[in-house]
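**Q** Before anything else, here's the structure in question.
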Amino acid sequence: MKDIVENRSRLHLGHKLRIGIIVLRENGFVWCCCLAAYIIASAVADRFFGIMDRLRRQWGIPGMNSKALNKAIWESWDWGAGGDEWTPSEEWKQSVMKCVLEKHMPVGKRVLEIGPGGGRWTGALIERSADFTAVDISASCVELCRNKFGENEKRRFILGSGSDLKGVADGSIDALWSFDVFVHINQNEVEAYADEFRRIMTPGAVGVIHHGSAGGTHGGWRSNLTHEAMLKLLRDRGFEIDDSFLEWQDAGTTHQAGLYKDVINVFRRA
Ligand SMILES: C[S@@+](CC[C@H](N)C(=O)[O-])C[C@H]1O[C@@H](n2cnc3c(N)ncnc32)[C@H](O)[C@@H]1O
């Protein structure tokens, strides 16, 4: 149904009237009133979405993606599903593991995860790493992961500020992973993180980051980060881009990185 509303400009008025008559005949007056209300409300919502997007750019305001808001939201989130509320299917998750995580994250290295949340990828990352650190802006996520995975001298969960990696030593990371986190972080904070990546990653270290590409224009509470901006800010800091993709193929199935034109970026410290 949403597709019909979004693509309504593809039908001319005459066609819409003819279709309207068929819909009325087949579904009745009450249902059609609800449909009309839905279409009008969607158009109004779209208009306000556009205004909000313009104002966010013009006024340089953070929208729904400030550090304070991310912290507040994720500290009060119900983590009962462990992050699998964002897993569209078990097949997709297994494919992320096989075609993204296992393909790009080395085994037996020092790994950093940013934003583990409920630990959707954390167990797999810990299994593959010699030393594991996770940093999250949410105290409840840090607490949850500590309880779920345990902490020791080779495994630590750190509460972060949302734009720096203060608890992580210089040149101490061989591989970096972050999924469904940078989609919510605005560009200025991503830039601050990228400065930190340069500091903590050893030469040759790999980073795998899932992030938004459309600057929030496709909804999904995405930040103002675009694909081009991410590539530029990484290259400006001397990183090489190994791969950058919105989807991948696995056994004849195309899997999407996310619902809102999200991207997975694989980069390397030269
Ligand atoms: C949508 S959840 C994803 C959790 C997990 N990575 C997953 O894929 O299931 C977003 C996570 O990012 C964390 N987060 C949000 N903004 C952050 C920031 N600026 N720095 C570090 N973590 C952040 C949140 O606390 C939360 O754990």
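The values are calculated or read from the model by the stated rules, or taken from the named source; none is laboratory data. Bear in mind the structure is a predicted one, so any value in this text is a computation, not a measurement. Glycine gets a Cβ as well: all are built from the backbone with ideal geometry, and neighbour counts include every protein chain shown. All accessible areas refer to the heavy atoms of the entire protein, side chains included, with ligands and DNA or RNA removed. Shrake-Rupley method; radii C 1.70, N 1.55, O 1.52, S 1.80 Å.
**Q** Ala205's amide H: which non-local residues (gap 5+, or another chain) put their own amide H closer than 5 Å, with H modeled 1.01 Å from N in plane and none for Pro or chain starts?
**A** Result for Ala205 returns Arg269.
**Q** Would you compute, for the Cα atoms of region 29-139, the largest minus smallest coordinate along each principal axis and list the three values in descending order, in whole Å?
**A** If we take the Cα atoms of region 29-139, the spans are 62, 38, 26 Å.
**Q** Moving on to the next point. Can you give the accessible area per residue of region 187-270, in Å², using a 1.4 Å probe?
**A** Dividing the accessible area of region 187-270 by its residue count gives 42 Å².
**Q** If you project the alpha carbons of region 2-59 onto their three principal axes, what span does each projection cover, largest first, in Å?
**A** 48, 23, 15
**Q** Beta carbons within 10 angstrom, averaged per residue: use that to sort the peptides 180-189, 32-41, highest first.
**A** Result, highest mean Cβ count within 10 Å first: 180-189, 32-41.
**Q** While we're here: May I ask what percent, to the nearest 5, of DSSP beta bridges between residues of the chain are antiparallel?
**A** Close to 50 percent.
**Q** If you plug each phi of region 118-129 into the Karplus form 6.51 cos²θ - 1.76 cosθ + 1.60 with θ = phi - 60°, what whole-Hz ³J(HN,Hα) values come out, in order, with x for Gly and Pro?
**A** x, x, 4, 10, 5, x, 5, 5, 4, 4, 8, 9
**Q** In the structure displayed, which of Lys154/Lys232; Lys98/Lys148; Lys16/Lys93; Lys154/Lys261 lie more than 30 Å apart, Cα to Cα?
**A** Lys154/Lys232; Lys16/Lys93; Lys154/Lys261
**Q** Would you mind telling me the share, in percent, of accessible area of the chain contributed by carbon and sulfur at probe 1.4 angstrom?
**A** 57 percent
**Q** Can you compute 3J(HN,Hα) from phi for each residue in region 69-80, using the Karplus curve 6.51 cos²θ - 1.76 cosθ + 1.60 with θ = phi - 60°, rounded to whole Hz and x for Gly and Pro?
**A** 6, 4, 4, 4, 5, 6, 6, 9, 5, 7, 8, x
**Q** Round to the nearest 0.05 the FRET efficiency obtained for Arg47 and Val107 when R0 = 45 Å and r is the Cβ-Cβ distance.
**A** Once the sixth-power term is evaluated, E becomes 0.35.
**Q** I want to check the label-to-label distance for Gln249 and Asp170. Put each point 7 Å from Cα in the C-beta direction and report it in nm to one decimal.
**A** Between Gln249 and Asp170, the simple spin-label model gives 4.6 nm.
**Q** Turning to a different aspect of this structure: For region 149-219, compute Rh as the Kirkwood radius over C-alpha pairs and then the Stokes-Einstein diffusion coefficient at 10 °C and 1.306 mPa s; write the answer in µm²/s, rounded to an integer.
**A** 118 µm²/s
**Q** Using the Karplus curve 6.51 cos²θ - 1.76 cosθ + 1.60 with θ = phi - 60°, what ³J(HN,Hα) values do you get for each residue of region 181-187, in whole Hz, with x for Gly and Pro?
**A** Here the 3J(HN,Hα) series is 10, 5, 4, 9, 9, 5, 4 Hz.
**Q** If you project the alpha carbons of the chain onto their three principal axes, what span does each projection cover, largest first, in Å?
**A** Computed over the Cα atoms, the extents are 69, 41, 35 Å.
**Q** To the nearest 20 Debye, how big is the dipole of the chain about its Cα centre, given +1 on the beta carbon of each Lys and Arg and -1 on that of each Asp and Glu?
**A** Roughly 700 debye for the chain.
**Q** Could you check which residue among Val142, Val44, Val23 shows the biggest mean-square fluctuation in a GNM of the chain with a 10 Å Cα cutoff?
**A** Among Val142, Val44, Val23, the largest GNM mean-square fluctuation belongs to Val23.
**Q** Between Pro62, Pro88, Pro106, where does the largest GNM mean-square fluctuation fall for the chain, given springs only between Cα atoms within less than 10 Å?
**A** Answer for the Gaussian network model of the chain: Pro88.
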